[in-house]
Every structure is written in structure tokens, then in C-alpha cells.
Amino acid sequence: MALIKTTIDGREVQVERDRWAIDVAREMGIDIPTLCHHPALEPYGACRLCVVEVTKGKWTWLTTSCDLPIREGLNIRTDTPAVIAARKMAIELLWAQAPDAVEVQALAKQLGMEKPRFAARAEAGKCILCGLCVRVCKAVLGQPAVGFSRRGVERDIGAPFDKPSDTCIGCGACVAVCPTGHITSVEDGPLWRLNTSKTEAELELAKCPECGRRFAPVKQIEFIRKTLSDKPERAVLDQICPACRKARTAAGLSESSRERRICLEK
Amino acid sequence: MIESVEKLHARQDSAREAFYPDKIRIGVGLGTCGLANGGGDVLNSIREEVEKQGLDFVVHGTGCVGFCEMEPLVDVLAPGLPRVFYHHMSPDKARELVASLADGDFRGDLALMRFDHDELLTSVERPLTGKLNGLANVSTLEQTPFYKSQMKIAIRNCGFVDPHNIEEYLATGGYSALAKTLTAMQPEEIIDCIEQSGLRGRGGGGFATGRKWRACRKAEGYPKYVLCNGDEGDPGAFMDRSIMEGNPHAVLEGMVIGAYAIGSNHGYIYVRLEYPLAINNLRVAIRQAEELGLLGENIMGTNFSFKVQISRGAGAFVCGESTALMASIEGFSGEPRAKHIHTSEKGLFGKPTNLNNVETWANVPVIIEKGADWFAGIGNESSKGTKVFSLVGKINNTGLVEVPMGTTLREIIFNIGGGVPGGRKFKAVQTGGPSGGCLPESQLDLPVDFEKLTEAGSMMGSGGMIVMDDRTCVVEVARYFTDFLRKESCGKCTACREGVLRMYEILEKITCGKASPQDVELLEEICVYVRDNSICGLGKSAPNPTLSTLKYFRDEYMAHVTGHKCPAGVCKALTTFEIDPEKCKACGLCAKACPTGAISGGKKKVPAKIDQDKCVKCGLCREVCKFEAVATT
């Protein structure tokens, strides 16, 4: 890939064409806030916090850096008054939308804000509609179990028709990527529960055939087995709990080292 | 099948003979406006009467000729006589007209106007040899203010041809441009021609069409897609609908030419579901064009193939935005994405894609036929050709008008549109749909082109033009459109979803008289933020109604905020209706109109009086009063 030259905050860099500006800037040690970006996922540009000011030729404009592909001759600034003002307004709007999200509050305070000038939304909670759960679910499953519903101010995330999803395998990726803790999970005896404010998914946990402990949703194990159907040697390993898997691997290792010792002695 | 240029020309000639038959031909406007006004019943009554009397007349439906105010419209064409349009027809009037026509009486008394030459069609000469008789006093095209400064390119043929009959389009020279491009022009030459003509996107962006085509032609990847944007979502705009309904082949021909120039074999026309007639007429047109070999495999016997499909939108305003439209065609929900990577490189299904709007496509065949120089000679410095506007609101001549770029707003509103009805004063005009700006009287001499409208704080948009009189409150207008946009935002980005919501909340507060000057400042701050930080055109232009009214009508905002008054007497919380006993003639009209029975008196010379406890401030009394006796404070 050909290298091209671009300037970020006055420092010229040579990078591969079409890399995302946010990744390049962060590698240069420049801090850019964001709540909807994840390096493993395609950029989305929803939260508008990673905004930067770009100049090319006679044009200067504000744009998000997460979905800005680096091209030759861009002059990117991450610290102009317009950038700061835009970030402040974005976080202020998100704060009023999701007043319970402590991560948003922390970021707002970091930007020097004390409280939002807007009233909290009636249906306020923790969700900032960043779409990370929807995108990660799609990346894992192909056919996502969680999606957006309605539009505009009524936009919401959840399973279709706000009913527990049939496609959810309980992998917990949505819980892991959610930046504000809107989606949570809890182990409840034989069940694994995934919660948003509107929907709750209940998944049965499988028992480990070796130790009898419940360790992962049955559906998740089925999904992994199906996905790895071309690797039958892993089939047994995937059905036992991580602790037993470790023990079995360790035992296998010590077994093989014992055999090797006998071999050497001979 | 038409397999060669010669065969096309022969077919056009025979079609023209049928188009100008040696007998009387009656057309009935069956666009949505015509049908809504009873055009269907008029057509039936004409058919019945013709059959009953055993007359040898040709009767058919047409599209909308643009003068929607006058629907149902009927046009009559007799050999050697001008084409005559009759307005406000009813089934009875239509029967009467047919009976008179049978006796050779052309009923000048019922006529609206006459077209001495069908010059709106492409190059058709028809000598008038008949005696005018009763038609001599009917105003001609040149004498009709609504039409005389118009120039029809994109909406040519609309209201003249039967959209369900491809022969009629052929009769007007249709598909000649396609034949020319396929047999005598290289793809690059076509792009050069469009580029030289100066054609710019009519969907609102105003991007140079030739440049767009060239970028898509150069882009690597196959297949390439050619799309037509028929998702006309602006309230009060119906230019594209009228073209799709009344002259669908113009769009198809333009698309085939574009596809050949770009190197695409597959196209989609994205039409909103709320346009069932447009969808139907396009379907019929596609089928007929395919049957004649003008669309599909090996077009006109060449080795170029192009298939086109209709994709129906589900009614989201945001799907008029290019990337959202493509997501919708792909089967996903209509959400836009950032366009740092152009759709000409990665568009529909990640392939090079060229999207133009209905009106842009309809311009293409004419440019090819008449040449780039001819087209570039129309309009002004920066904007070439014509633009169709749908003129609605407080205007006498509601309808579709097509004028050369650079025509002033004054010319469009007062000369063509006939000004504001009821002797009221003009207050503002909103151009460019719900996210356009409101321009005041001081801007009326503005020549309408892409740059000038943007500089003035509005935009060309797709061509909606809503006229407002002095009984319109601009704050309420801004609130209304912001409410529309708040609901139509897809909700993807914070700037548009949350920002437009907050704009709406403050505007609502102002119209209720509960806002402070700080709120107005905050409103301006959010507007600028939303404009500069939204992903797509919907959000970027959503602040236009508010910003432009703040620019031109700031006093009116301040009257709401500091004076707690709505000068136009619209905002209910700030308005009290009272009847001036001096001016009241006790006619009783207001009392009759009042839905809550709040008005007493108004008869036997006792002036009417409003009971404030019962009054719901609907303003009906003020609407009906002929003596300006109802005042607002």
C-alpha cells in the first residue's frame, strides 16, 4: 500500500491511504474522545464526539475522524475552538439524553461542563444510541439479535418487537462493548439474563459434563460447535467449562512430557 | 421491436399521425391533481356521451399540465385548430362540451386558454387552417400570465401525451436522443455534452451532472448502477411526481442514455410508496419500452443492454438522501453514512453508483437532442437550463411552473403565480422544502439559482415554493417544519436526533410565550451546531427555517419573547381575538363559522362579540370576516 502525507495538529505523518484518521491520530498520542467507535468494527459516526477540523485547499469543514479516510494533503486539527465547541455541544446533548450514564458525565466534566442546559428526556436512561451493540452483534452472528427500532427521537435499541430474541446466543459481546452500561448481564442459577431497559433475554446455561458446573449458554455452545464444524478435534473441548478445559490441557501436557521422558530414558 | 434508427423514425412518423388524427381528440388530465378533483368522473362522462351519440372522437387520459388550480382540465384538439384547454370541468359540463363539439361549437365560454402551436413538444409543426370562430377570444399561451414566462423542458409533454401509451411519447420525438447516443456517440462524448450543457443536479445539491457521470465511469468495479431518485418527500412539492406520472418515458430515456455513458447495465428507480400512480405509470412505461426493445437486452439492436427496476420506499423522508436511499434499496433501514468515499466509487451494494433525481434525468434527452450550447444558453452564469417549482401556499395560481434559472422570485410569485389571494400582503416565501429558508419581501428580486438562494440563507432544494401572507407567523412556521424534521430524522447521529429535538423544544417554548432572550441565543447556537455536525443533508439543512427566519424576522421572535405577543395573531397562547364593534356589520358570518359557539350577537345590527372563555383561537372568524372587523391583540 502506498504511503501518503497528511498533517495532524501541525505534525506531518506518512501513513497508508484510507486509514481512519482517529486511529492515526491516536497512534500519534493525540487524545480524541469517542463513545461509538471500536477498532474491531466498521466506523459508524453516530456520537459525533470525535469531530475534527479538516482543511483541504480552500475548504475547511468539521467532520468526524472515525469515518474519515486519510488522503493526501489533508490538514487535520483536533484542538481548534470550533472542534472544542462541537464536542461540548455533542456531550451536552448526550448528557441530557442519557443522564444516568456516568461515562457521559465524566467526559462532560472533563470538557469543563457542570450540567446540561437541556432538560433530561422523559424516557431518559443510559443508552446513547451509539449502535455498538447492533454492530458487534451483526459482526458475531451475521443476522443481528439486537437492532434499532423506530426513528428520530423515538429511536431505540432492542430485540424485534421488544420480545426476547430467538437468534441471541448469549455471547455477551453487546454487554462488553456497551460504553454506558445500558446492557447488563447477570447469572441467575441455571439462567443467564441479558437486560436492556425494555427487553430481557433468558438463556439456559449448559452444565459442564466434567464438573457439573453451569458455565455458558446452551445456544452459544451450539453456535460455536456449528461455526467450528470443520474442526472436530475441538468439539469435546468446547463443551466443557474453561476450568476443566485448562485442567484437561494441563493433564495432556504432563502426559506428553511423561511419555517424552520415558522415551529419553529408553 | 425497434431494431434500428430507421425503424424508430418510421414508428415515430406513424405515431405522429395517430397523435394528430383527422378527427377530434379529447384529453383529460389524470395526474393525481386531476383525479383528486374528479378527473376520473369527467373522463367517464365524456366516454359515455361520445358512445351515446355515436361520435368518432378519440378520448384518452393525460398527465398534469401544471395548472393544478384549474383542474379538472380537459383539452380538445381538432384538425387545423388550436389545442384548447377547458377548466374546472364537471361530468355535466363535460357532457355539454361533447354535445357542443358534435355540433361544431368549440365553446369558447368554457375555455381557459388555447395553444396555437404545440411548441412545448419537440419540433412538431401543425398548420392552423381551420376557422377560429368562438375561440378567437380565448387567450393564447402568450396572453396567459401563468404560462407566458414559462419554458418547459423537464415537464414538456406533461398534460399533452397519454402516459400509458408509448406511441404518444414517440410521436413527440421520444427516444430519438437515445438512438443518437447509441449509434452516433461515444460514451465520453455524451459525458462531454452533458458537462458542457452545465446541467446541475435538480434534486437540490446542484452538483454538476457531467462530472458525476465521469467520476462513475472512471470508477473501478462492476456492475455499476444507475439510480433515479423519485423519493420526493418535501411537503408541498410535486414536480417529480408530475413527471413520473405524466411523462415517464422522459425519465427512462434519460436513464438509458446515462447508463450507456457510464457503462452500467442495471438501474433502479426509487419511488416513494405514497405515489401509487407514479409507480403504476412507470411500470406501464417500462413494460412498453421493453416490448419495443427500447429497454432491456440489446437496445435498438445494439449490443448495449440496460434493465431497470422500481424500488418502492416505505415513506421515510431521509430516504431521499443518497446513501440512505441506497441502504433502503439494499433492504436495510434508510440510514445515511458519511460520504468521504463517494457513492460514485462505492455506492449501491458497494459498487460504483450514479444517482440523479427525476427532473435531472428528464432533462437529459432534450440536451442530447438540442445540443449542449442550446441548453447552456438558457439560465444565468452559474445555473443553466430551467427549474420546475411547485408553487403552493397563499398563492392564486397553485401549480407547477418551469422557468429559466435566474428568473426572480417576484416574477414567479406575482406574475406567474398571480400574487397573494384575498388582497393580503406577501410576507415570505420558503424555497426548497421543509428544510429551506424563508425569504422576505426584500429578497424578492433575487434571481433564483443555486448560489443566490444559498447565499440568502435558503436553498434550491428540490423546488418546493411555499408562499406565506401576513397572517403567517414565521416562528410558528419554523416550529412546524422543525417538528416535521424532528420526526423524520433517522436518529443515527447525535447532532440531528438530539439537536433538532432541542431546537423544536425552544421554538415550542417561544410560540407559547415562555422563552427568554437566552433561549433564542441557545437556539441559534444549536442551529449552527446541527448545521455543521450532522452526517447528512437532512440534519445539515434542518436549521434553515429557523436560521433564515431569525435572520430576516428577528423582531418577530423578540415580540414573542419580550413582548409576549404574536404579531401575526397565530400563536394561540399569545393571541386574543376581538371584534371591533365599529367595523362589524353584524352579518353573522363569524358566529356561523365559530366551532365552539363563542360568538354572540352579529345579527339585527348588534355587533358580534367573542366570549373569551369559549374561544379556542382557531382564527376562523378572522378568515371569514369580510370587513376586517376581527382583530388580534
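FYI, it's all coordinate maths here, none of it is from the lab. Fair warning: this is a prediction, and the values are worked out from it, not measured in the lab. No Cβ is skipped: glycine too gets one built from the backbone with ideal geometry, and neighbour counts run over all protein chains shown.
The table for this structure:
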{"quantity": "Residue that is farthest from the other protein chains (Cβ to nearest Cβ) [pool: residues in the stretch B:560-586 that are crowded, with 20+ Cβ neighbours inside 10 Å and not β-branched (Val, Ile, Thr)]", "calculated": "B:Cys584"}
{"quantity": "Complete set of residues in the stretch B:26-54 that are without any contact (Cβ under 8 Å) to a residue 60 or more places away in the chain, surrounded by 16 or more Cβ atoms within 10 Å (Cβ to Cβ) and touching a Lys or Arg at 6+ places or on another chain (Cβ under 9 Å)", "calculated": "B:Val42, B:Ser45, B:Ile46, B:Glu49"}
{"quantity": "B:Pro276, sole failed condition from (1) surrounded by fewer than 16 Cβ atoms within 10 Å (Cβ to Cβ); (2) more than 25 Å from the chain's Cα centre (by Cα); (3) away from every other protein chain (no Cβ under 14 Å)", "calculated": "(2)"}
{"quantity": "Those residues of the stretch B:508-536 which are closer than 30 Å to B:His342 by Cβ, part of a helix (DSSP H, G or I) and either of a type in the set (A, V, I, L, M, F, W, C) or away from chain A (no Cβ under 14 Å) (or both), in sequence order", "calculated": "B:Ile526, B:Cys527, B:Val528, B:Val530"}
{"quantity": "Exclusive hit being over 19 Å from A:Ala46 (Cβ atoms) and within 14 Å of chain B (Cβ to nearest Cβ), set A:Gln220, A:Gln143", "calculated": "A:Gln143"}
{"quantity": "Whichever residue in the stretch A:155-174 is touching a helix residue (DSSP H, G or I) at 6+ places or on another chain (Cβ under 8 Å) and in a helix (DSSP H, G or I) and, among such residues, is farthest from B:Glu335 (Cα to Cα)", "calculated": "A:Ala173"}
{"quantity": "The stretch A:15-34 residues that are over 19 Å from A:Cys130 (Cα atoms), paired with ones that are assigned to a helix (DSSP H, G or I) (beta carbon under 6 Å, 6 or more apart)", "calculated": "A:Val15/A:Val24"}
{"quantity": "Flag for B:Ser322 being out of contact with any helix residue (DSSP H, G or I) (no Cβ under 8 Å at 6 or more places or on another chain), polar (S, T, N, Q) and within 30 Å of A:Gly147 (Cβ to Cβ)", "calculated": "yes"}
{"quantity": "Top-ranked residue in the stretch A:146-164 [being without any contact (Cβ under 8 Å) to a residue 24 or more places away in the chain and under 21 Å from A:Ala201 (Cβ atoms); ranked as farthest from the other protein chains (Cβ to nearest Cβ)]", "calculated": "A:Phe161"}
{"quantity": "Test: residue in the stretch B:335-345 that is within 14 Å of another protein chain (Cβ to nearest Cβ) and either farther than 29 Å from B:Thr494 by Cα or crowded, with 23+ Cβ neighbours inside 10 Å (or both)", "calculated": "yes"}
{"quantity": "Filter result (of a type in the set (Gly, Ala, Ser) and either more than 17 Å from A:Met28 (Cβ to Cβ) or in a strand (DSSP E or B) (or both)) within the stretch A:54-84", "calculated": "A:Gly57, A:Gly73, A:Ala82"}
{"quantity": "For A:Met89: the one exception among (1) within 29 Å of B:Glu505 (Cβ to Cβ); (2) within 9 Å of chain B (Cβ to nearest Cβ); (3) surrounded by fewer than 16 Cβ atoms within 10 Å (Cβ to Cβ)", "calculated": "(3)"}
{"quantity": "Entirely in the stretch B:404-477, the strands (runs of 3 or more DSSP E) that have 3 or more residues that are within 29 Å of B:Val318 (Cα to Cα), within 18 Å of the chain's Cα centre (by Cα) and of a type outside the set (Gly, Ala, Ser)", "calculated": "B:426-431, B:464-469"}
{"quantity": "Positions within the stretch B:464-494 being out of contact with any Asp or Glu (no Cβ under 8 Å at 6 or more places or on another chain), of a type in the set (Gly, Ala, Ser) and at the interface with chain A (Cβ under 8 Å from one of its Cβ atoms), in sequence order", "calculated": "B:Ser489"}
{"quantity": "Residues that are crowded, with 24+ Cβ neighbours inside 10 Å and either assigned to a loop (DSSP other than H, G, I, E, B) or basic (Lys, Arg) (or both), drawn from the stretch B:205-233", "calculated": "B:Lys212, B:Asp231, B:Glu232"}
{"quantity": "Meets criteria (more than 14 Å from every other protein chain (Cβ to nearest Cβ), under 30 Å from A:Cys47 (Cα atoms) and surrounded by 15 or more Cβ atoms within 10 Å (Cβ to Cβ)) for A:Val186", "calculated": "no"}
{"quantity": "Residue ID - nearest to the chain's Cα centre (by Cα), chosen from residues in the stretch B:60-87 that are among the aliphatic types (A, V, I, L, M) and farther than 17 Å from B:Lys152 by Cα", "calculated": "B:Met70"}
{"quantity": "Residue that is of a type in the set (Ser, Thr, Tyr), in contact (Cβ under 8 Å) with a residue 12 or more places away in the chain and out of contact with any His (no Cβ under 6 Å at 6 or more places or on another chain), where the choices are A:Thr60, A:Thr7", "calculated": "A:Thr7"}
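Table: residues versus (1) aliphatic (A, V, I, L, M); (2) surrounded by fewer than 14 Cβ atoms within 10 Å (Cβ to Cβ).
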position	(1), (2)
A:Leu194	yes, no
A:Ala201	yes, no
A:Gln220	no, no
A:Leu228	yes, no
A:Lys231	no, yes
A:Ile240	yes, no
A:Ala251	yes, yes
